[in-house]
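Please see the structure below; I have some questions.
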Amino acid sequence: MDSHRMKELERAADLLRLRAVRMVAPHGFGYLGQALSSAELMAVTFAEAFRPGIDELVVSPGHYIIVAYAAGPELGLLSEESLTSYGHDGSALEAIGTESSPVVDITGGSLGQGLSSAVGLALAAQLRHDTTRRVFALLSDGELEEGQVWEAAMFAAHRGLGNLVVLLDANDSQVDGPVSTITTLEPIAQKWESFGWAAYDVDGHDVAALSIAMADALEQTRPAIVIARTSTSHGLACLPEGADGHFIKISGDLIDAAVAELENRRA
Amino acid sequence: MLNLPPYPTVLKPYGRAFVELARQRDEILCLSGDLTRQTEIDLFQEEFPERFIHAGMAEANMISMAGALARRGFIPFVHTFGVFATRRPLDQIVNCVAYPNLPVRIVGFMPGVSSPGGPSHQAIDDVALMRALPNMTVVDVADATEIRQAVVAIADVPGPVYLRLKRGEIPIIFDRLHEFSLAHAHVVHDGDDVVIFASGMMLSSAMSAAQSLEDVGVSVGVVNVPVIKPLDRATIIETATRARAVVTAENHSIIGGLGSAVAEVLAEEGLARRLRRVGLADTFAEGAQSAAWLFKKYGLSTQDVVDAAWRVLERPGEAPRAPTVATPPGEYAPV
């Protein structure tokens, strides 16, 4: 990947971060860490793989809906000004995704179910002999603790759903702390491979590595997973040490510092 | 007139009706949770293998997938035993089916204590669980005639449906002129001392009990309530108003099912009618080799319906004895 394209993708990722900061700012807290960790993964997906109007997107952990909203304006699915309603009473842009959430095809707040939904969409395309449509499903690593994910993984491989790509934000973060301190998910890639999937284990903040993995994943005739190793504080040096990645508190001067940092980098 | 047991039976009325429907409707899919023959869909699998989906023993995935398939224009019918169709994937039904209000048909076999397979296999709370969910239609039919019509009737319900079905030999209680309705409960027999509201397998018990009571001069209304949600309130109010007391009969816990639904209507209408609920009295059912033994042990026999009506009317002396009906092979009579 040439450096110009890399810079473009990095700026796109930082735009997702910037919009997420602005969505969370009026509330003083929220699911900012999820946007910080998945920004490059989603920027690469939207810029290089996902085709609005053709492909389908499932955001399994509804808390990550913030990053889909943040990409809404570029996808032509949401106005920039509507983002200001994020998380407010009466808004369709609820902080945990619902049926009224724009941008995505399916989301939900009860974790571990999104992959099955994505498998259903991919199966619908397979049953109709539709070889164009692809289904992308954003999952988080904490979700892999839910048994249903593995039910869906087995089924998808059994049915040969090569039109399905999982985007796994492996940010090692869940409510009670680092995932790795709560349960052992590793080896994640080998688990998926042993289930019959193509697995790509990459630095989730490296847009070039993500781009290469994504291109290969799209060529697969079996389901594929891009495992993006990420951090919930990446891209915001101003965040205090040890900020709770699942639910970041951000207010006052910290918001100004975050906006300034991201705008400077994008300039 | 009450059509009394024993009744002739048929095998696989659901499976046959479902195949017939699928012949007319390309968008119908059949999902199986590893109980294909038991849920009568081996017939579908033979005729439409390309629309038959083995989901395996993975009910959570099966339900969530069905929701997504329904979003894309299919009408998925999901099949397993009632316990595995409702209790186990409850959160998936809530989030992937009921909340998005999708046309998934959840077909759960082996209701209540019709299985001697122990509490793990006895769907005694499925109606309660499904009735509590917004958008869900809940159907518990009594016989093969209703099954055939219900399969067609539920096909075009815009939201999700839970269809509760007896497994194995299915009695034919109603003739071909009988009309199943999703909107209306069905007054099987008029009577003004006591009215019995019954669903599913307990309808035949209610009819048999009514005859025993009529024989000793008690006027008994029998109302078949195959659709527990949305409930036909008008028919319940009308028939309960005419009667002095009310009995409900369901092959299910008395908490949250038909009995609760009727009680809610009576209370909300201010209809001061005493009520007895026949069903599992807030207990799990254990220790059986046969379903018949369980129906007796847990108070779901025809005699229990008779006794409930007798007591709720505060009649003096012993309740009449329900007849013991001989059932030749291939025929059915309630316990």
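Identify, please: which residue in region B:160-217 is within 18 Å of residue B:249 (Cα to Cα) and among the basic types (Lys, Arg) and is, among those, nearest to the chain's Cα centre (by Cα)?
My answer is B:164.
Count, please, the residues in region A:227-254 that happen to be in contact with a helix residue (DSSP H, G or I) (Cβ under 7 Å, 6 or more places away or on another chain), outside any loop (DSSP other than H, G, I, E, B) and either modelled with pLDDT under 90 or within 17 Å of residue A:23 (Cα to Cα) (or both).
The qualifying residues number 1.
If you go through region A:161-178 one residue at a time, do you hit one that is assigned to a helix (DSSP H, G or I) and not basic (Lys, Arg)?
Looking for residues that are assigned to a helix (DSSP H, G or I) and not basic (Lys, Arg), one finds none in region A:161-178, hence no.
Moving on. Would a scan of region A:178-187 turn up a residue that is without any contact (Cβ under 8 Å) to a residue 40 or more places away in the chain and charged (D, E, K, R)?
Yes, the conditions are met somewhere in region A:178-187.
Return a yes/no flag: does region B:198-206 have any residue that is surrounded by fewer than 24 Cβ atoms within 10 Å (Cβ to Cβ) and touching a residue at least 12 places away in the same chain (Cβ under 8 Å).
Within region B:198-206 (the criterion being surrounded by fewer than 24 Cβ atoms within 10 Å (Cβ to Cβ) and touching a residue at least 12 places away in the same chain (Cβ under 8 Å)), the answer is no, since none of the residues qualifies.
Yes/no per residue for (1) touching a strand residue (DSSP E or B) at 6+ places or on another chain (Cβ under 6 Å); (2) under 30 Å from residue B:156 (Cα atoms):
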| residue | (1), (2) |
| --- | --- |
| B:185 | yes, yes |
| B:212 | no, no |
| B:235 | no, yes |
| B:238 | no, yes |
| B:244 | no, no |
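Follow-up question, since we're still on this one. Checking residue B:31 against (1) within 12 Å of chain A (Cβ to nearest Cβ); (2) touching a helix residue (DSSP H, G or I) at 6+ places or on another chain (Cβ under 6 Å); (3) under 29 Å from residue B:251 (Cβ atoms); (4) surrounded by fewer than 22 Cβ atoms within 10 Å (Cβ to Cβ), which test does it fail?
Single failed check for residue B:31: (4).
Residues in region A:2-30 that are surrounded by 15 or more Cβ atoms within 10 Å (Cβ to Cβ), over 20 Å from residue A:79 (Cβ atoms) and of a type in the set (A, V, I, L, M): how many?
Final tally of qualifying residues: 2.
Could you tell me how many of the residues in region A:119-145 are in a helix (DSSP H, G or I), more than 10 Å from chain B (Cβ to nearest Cβ) and buried (at least 24 other Cβ atoms within 10 Å of the Cβ)?
Total meeting the criteria: 1.
Can you tell me which condition residue A:69 does not meet? The list is (1) surrounded by fewer than 21 Cβ atoms within 10 Å (Cβ to Cβ); (2) in contact with a Phe, Trp or Tyr (Cβ under 7 Å, 6 or more places away or on another chain); (3) part of a helix (DSSP H, G or I), and all the others hold.
Exception for residue A:69: condition (1).
While we're looking at this one, here's another question. Which numbered condition trips up residue B:182, out of (1) within 27 Å of residue B:328 (Cα to Cα); (2) surrounded by fewer than 20 Cβ atoms within 10 Å (Cβ to Cβ)?
The one condition residue B:182 does not meet is (1).
For region A:104-113, which positions are more than 9 Å from chain B (Cβ to nearest Cβ) and not β-branched (Val, Ile, Thr)?
Passing the criteria: only A:111.
Only one of these conditions is not met by residue A:85: (1) surrounded by fewer than 17 Cβ atoms within 10 Å (Cβ to Cβ); (2) in contact with a strand residue (DSSP E or B) (Cβ under 6 Å, 6 or more places away or on another chain). Which number is it?
(2)
I've got another one for you. Which residue out of A:101, A:79, A:116 is touching a residue at least 24 places away in the same chain (Cβ under 8 Å), more than 10 Å from every other protein chain (Cβ to nearest Cβ) and of a type in the set (S, T, N, Q)?
From the options A:101, A:79, A:116, the qualifying one is A:101.
Another one. Need pairs with beta-carbon distance below 6 Å; first residue farther than 17 Å from residue B:240 by Cα and within region B:304-318, second in a loop (DSSP other than H, G, I, E, B); sequence gap 6+ or separate chains.
B:306/B:319; B:306/B:322; B:307/B:319
On to the next question. Within the set of pairs 6+ apart or on separate chains, which have a first residue in region B:174-192 that is within 22 Å of residue B:333 (Cα to Cα), a second that is hydrophobic (A, V, I, L, M, F, W, C) and in a strand (DSSP E or B), and C-beta atoms under 6 Å apart?
Listed by first residue and then by second, the contacts come to B:187/B:223; B:188/B:222; B:189/B:222.
Do you know which residues across region B:279-317 are hydroxyl-bearing (Ser, Thr, Tyr) and not in a helix (DSSP H, G or I)?
Of everything in region B:279-317, those that are hydroxyl-bearing (Ser, Thr, Tyr) and not in a helix (DSSP H, G or I) turn out to be B:283, B:290, B:298, B:301.
A further question follows. Pick out, from region B:44-118, the strands (runs of 3 or more DSSP E) lying fully within it that include 1 or more residues that are facing another protein chain (nearest Cβ under 9 Å).
It comes to B:52-54, B:75-81.
The values are calculated or read from the model by the stated rules, or taken from the named source; none is laboratory data. Owing to the predicted nature of the structure, the values given are computational and were not obtained by experimental measurement. Methodologically, a virtual Cβ is constructed for each residue, glycine included, from the backbone with ideal geometry; neighbour enumeration extends over all protein chains shown.
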